[in-house]
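Let me begin by presenting the structure, written as structure tokens, before commenting on it.
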Amino acid sequence: MTNKTAKGINTRLAHDGYNPRDYHGFVNPPVVRASTVLFPDTDTMDNNGQKYTYGTRGTPTSDALCDAINALEGSAGTVCVPTGLAAVTLPLLAFLKPGDHALFVDTIYNPTRHFADTILKRFNIEVEYYPPEIGSNIAQFIKPNTKVIFTESPGSNTLEIQDIPAITKIAHEQDIIVMMDNTWATPVYFKPLEYGVDISIHAATKYPAGHADILFGTVSANERHWPQLIETHGTMGLCAAPDDTYQILRGLRTMGVRLKHHQESAFTIARWLENKPQVAKVLHPGLASNEGHELWKRDFSGASGLFSFSLKDQDAQAAKKFVDALEIFGLGYSWGGYESLAIVPNLSDRTVAKKDYGGTVIRLQIGLEDVEDLIVDLERGFAALKS
Ligand SMILES: *Cc1c(COP(=O)(O)O)cnc(C)c1O
């Protein structure tokens, strides 16, 4: 809608992407379920002479969501895909070819690594991992055939912040495409394209969905890379379902206020954990004790509800005891929903970013429950360590 930059983020989340006047004044867009779209005559069909041509190529529902995301990201175009993982694999397949070299941050979301190590390698693409703190030293990893630098900031499970502008500066001197998995911050707290990223990736399964009930991904591109992205999206047949698309737009409307609550409760619990003698480290980029804190302060406008901590000198067995004692925190993958979760993440896939965290790491997703209740629950975990 009009004059996007002048408005606050929650106003934009509430109104971007769709004008109720376009559909009889109804506040929300219709859910258009479609394969076939009819043409008025054969000439129109031959000339692709109408806006919508087939269900896989976009509907008023997907346009409403994509327009809202483009407004948030500052992107030239956005595609919707059925999962967050598809939002990772689609751009990699769109821009890499046999013989290319692709760099991935070692703190990558594990299924992204698995895709790189299996399918990309099978297609004869060289895959290499770099440490998250690399910054402008990424130059040392670049080869004549480097085509893509894949970033994820903060890193999965251990939350290292990457110096994205330093990386995009070096990459663009050599015509290398930078992709970023920005699921943690969402475009509300970090805007990849403003920092030189070419392709911004989101598991909308997390905060945009917000209720642990939808799988969804979005990929947004700048002007230069949009044609290749939309071409591959159509070629792969990877469109998302209309009901899911509608639900993600619905989630976006409240995402700002939900994120604020996630952020505040996560900070409260992170600071509380920092003062616990049983805790070695709290891995949260919003805390001054974290290595990436200055970068986070420089580039991000907030922190979401996912962070980790380590139990001082405790092995995995103790961490499992801690997590099993929790009653409100659920034990499950994914995050971004209204409910709190805790897991003992497997960090054994790391190759160049192996670190000593001072004890076994536990990852928390802080949900929308009352923070006092969550603290009481975590006390159950600490009590279980003693038993
Ligand atoms: C969850 C997640 C994904 C994948 O999303 P799915 O919808 O579960 O496939 C990708 N990247 C990150 C960082 C994630 O946390």
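The values are calculated or read from the model by the stated rules, or taken from the named source; none is laboratory data. Owing to the predicted nature of the structure, the values given are computational and were not obtained by experimental measurement. Cβ: placed from backbone, ideal geometry, glycine included. Neighbour counts: every protein chain shown.
Return the residue satisfying two criteria in turn: it lies in segment 206-218 and is within 23 Å of Y195 (Cα to Cα) and touching a Phe, Trp or Tyr at 6+ places or on another chain (Cβ under 8 Å), and of such residues it is nearest to the ligand (Cβ to nearest atom).
If we take residues in segment 206-218 being within 23 Å of Y195 (Cα to Cα) and touching a Phe, Trp or Tyr at 6+ places or on another chain (Cβ under 8 Å), then K206 is nearest to the ligand (Cβ to nearest atom).
Please go through segment 226-238 and give me each residue that is part of a loop (DSSP other than H, G, I, E, B), crowded, with 21+ Cβ neighbours inside 10 Å and away from the ligand (no atom under 13 Å from the Cβ), ordered by number.
Within segment 226-238, no residue meets the criteria.
For the condition surrounded by fewer than 21 Cβ atoms within 10 Å (Cβ to Cβ), hydroxyl-bearing (S, T, Y) and either within 15 Å of the ligand (Cβ to nearest atom) or closer than 22 Å to T83 by Cα (or both), what is the one hit in T112, T118, T146?
T118
Restricting attention to segment 126-140, which residues are touching a helix residue (DSSP H, G or I) at 6+ places or on another chain (Cβ under 8 Å) and free of Cβ contacts under 8 Å to residues at least 60 places away in the same chain?
Selection gives V127, E128, I134, G135, S136, I138, A139.
Those residues that are β-branched (V, I, T) and within 16 Å of the ligand (Cβ to nearest atom), I need them from segment 302-356; list them, please.
Let us first name the residues in segment 302-356 that are β-branched (V, I, T), namely 323, 328, 343-344, 351-352.
The answer is I343, and nothing else.
Check off (1) outside the structural domain of M179 (by TED's automatic domain parsing); (2) within 16 Å of the chain's Cα centre (by Cα); (3) more than 16 Å from the ligand (Cβ to nearest atom) for A221 and give me the number that stays unchecked.
(1)
Only one of (1) within 16 Å of the ligand (Cβ to nearest atom); (2) free of Cβ contacts under 8 Å to residues at least 24 places away in the same chain fails for G49. Which number is that?
Only one criterion in (1) within 16 Å of the ligand (Cβ to nearest atom); (2) free of Cβ contacts under 8 Å to residues at least 24 places away in the same chain is unmet by G49, namely (1).
Under 9 Å between Cβ atoms, which residue pairs at least 6 apart in sequence (or on different chains) link something in segment 82-93 that is under 14 Å from V178 (Cα atoms) and outside the structural domain of T183 (by TED's automatic domain parsing) with a partner that is more than 10 Å from the ligand (Cβ to nearest atom) and of a type in the set (A, V, I, L, M, F, W, C)?
From residues that are under 14 Å from V178 (Cα atoms) and outside the structural domain of T183 (by TED's automatic domain parsing), there are no pairs.
Being β-branched (V, I, T) and assigned to a loop (DSSP other than H, G, I, E, B) is the filter here, so list the residues in segment 1-54 that pass it. Quick ask: steps written out before the conclusion?
Initially, segment 1-54 is screened for residues β-branched (V, I, T), giving 2, 5, 9, 11, 27, 31-32, 36-37, 42, 44, 53.
Correct list: T2, V27, V31, V32, V37, T53.
Got a sec? Which of G135, G84, G99 is under 24 Å from T232 (Cα atoms) and away from the ligand (no atom under 16 Å from the Cβ)?
Exactly one residue qualifies, and that residue is G99.
For segment 183-205, what are the residues that are within 16 Å of the ligand (Cβ to nearest atom) and among the hydrophobic types (A, V, I, L, M, F, W, C)?
Listed by number, the residues that qualify are W184, A185, V188, F190, V197, I199, I201, A203, A204.
Checking M180 against (1) out of contact with any Pro (no Cβ under 9 Å at 6 or more places or on another chain); (2) within 16 Å of the ligand (Cβ to nearest atom), which single condition isn't satisfied?
Among (1) out of contact with any Pro (no Cβ under 9 Å at 6 or more places or on another chain); (2) within 16 Å of the ligand (Cβ to nearest atom), M180 violates only (1).
For segment 165-195, give me each residue that is out of contact with any Ser or Thr (no Cβ under 7 Å at 6 or more places or on another chain) and of a type in the set (G, A, S).
A171, the sole residue that qualifies.
One line per residue, one yes/no per condition, for (1) aliphatic (A, V, I, L, M); (2) buried (at least 23 other Cβ atoms within 10 Å of the Cβ); (3) without any contact (Cβ under 8 Å) to a residue 24 or more places away in the chain; (4) assigned by TED's automatic domain parsing to the domain that holds S153:
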{"residue": "A171", "(1), (2), (3), (4)": "yes, yes, no, yes"}
{"residue": "D175", "(1), (2), (3), (4)": "no, no, yes, yes"}
{"residue": "W184", "(1), (2), (3), (4)": "no, yes, no, yes"}
{"residue": "E194", "(1), (2), (3), (4)": "no, no, no, yes"}
{"residue": "D198", "(1), (2), (3), (4)": "no, yes, no, yes"}
{"residue": "Y207", "(1), (2), (3), (4)": "no, yes, no, yes"}
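For Q317, work out the one condition from (1) on the phi > 0 side of the Ramachandran plot; (2) in a helix (DSSP H, G or I); (3) polar (S, T, N, Q) it doesn't fulfil.
Result: Q317 fails condition (1) only.
Test L65 against the stated conditions and say whether it is buried (at least 17 other Cβ atoms within 10 Å of the Cβ), in a helix (DSSP H, G or I) and within 16 Å of the ligand (Cβ to nearest atom).
Numbers: buried (at least 17 other Cβ atoms within 10 Å of the Cβ): yes; in a helix (DSSP H, G or I): yes; within 16 Å of the ligand (Cβ to nearest atom): yes.
Spelling it out, L65 is indeed buried (at least 17 other Cβ atoms within 10 Å of the Cβ), in a helix (DSSP H, G or I) and within 16 Å of the ligand (Cβ to nearest atom).
Under 6 Å between Cβ atoms, at least 6 apart or on separate chains: pull out the pairs that start in segment 35-46 with a residue that is farther than 19 Å from S62 by Cβ and end on any residue that is surrounded by fewer than 13 Cβ atoms within 10 Å (Cβ to Cβ).
From segment 35-46, the pairs are T44/Q50.
For T59, state whether it is more than 30 Å from E160 (Cβ to Cβ), hydroxyl-bearing (S, T, Y) and crowded, with 16+ Cβ neighbours inside 10 Å.
Against the criterion (more than 30 Å from E160 (Cβ to Cβ), hydroxyl-bearing (S, T, Y) and crowded, with 16+ Cβ neighbours inside 10 Å), T59 qualifies.
Can you confirm whether segment 239-262 contains a residue that is assigned to a loop (DSSP other than H, G, I, E, B), crowded, with 19+ Cβ neighbours inside 10 Å, within 16 Å of the ligand (Cβ to nearest atom) and touching a residue at least 40 places away in the same chain (Cβ under 8 Å)? Give the steps one after another, and end with the answer.
First, the residues of segment 239-262 that are assigned to a loop (DSSP other than H, G, I, E, B): 239-241.
The next check asks that each one be crowded, with 19+ Cβ neighbours inside 10 Å; those that pass are 239-240.
Applying the additional criterion that residues be within 16 Å of the ligand (Cβ to nearest atom) yields 239-240.
With the extra rule that they be touching a residue at least 40 places away in the same chain (Cβ under 8 Å), the set shrinks to 239-240.
Looking for residues that are assigned to a loop (DSSP other than H, G, I, E, B), crowded, with 19+ Cβ neighbours inside 10 Å, within 16 Å of the ligand (Cβ to nearest atom) and touching a residue at least 40 places away in the same chain (Cβ under 8 Å), one finds at least one in segment 239-262, hence yes.
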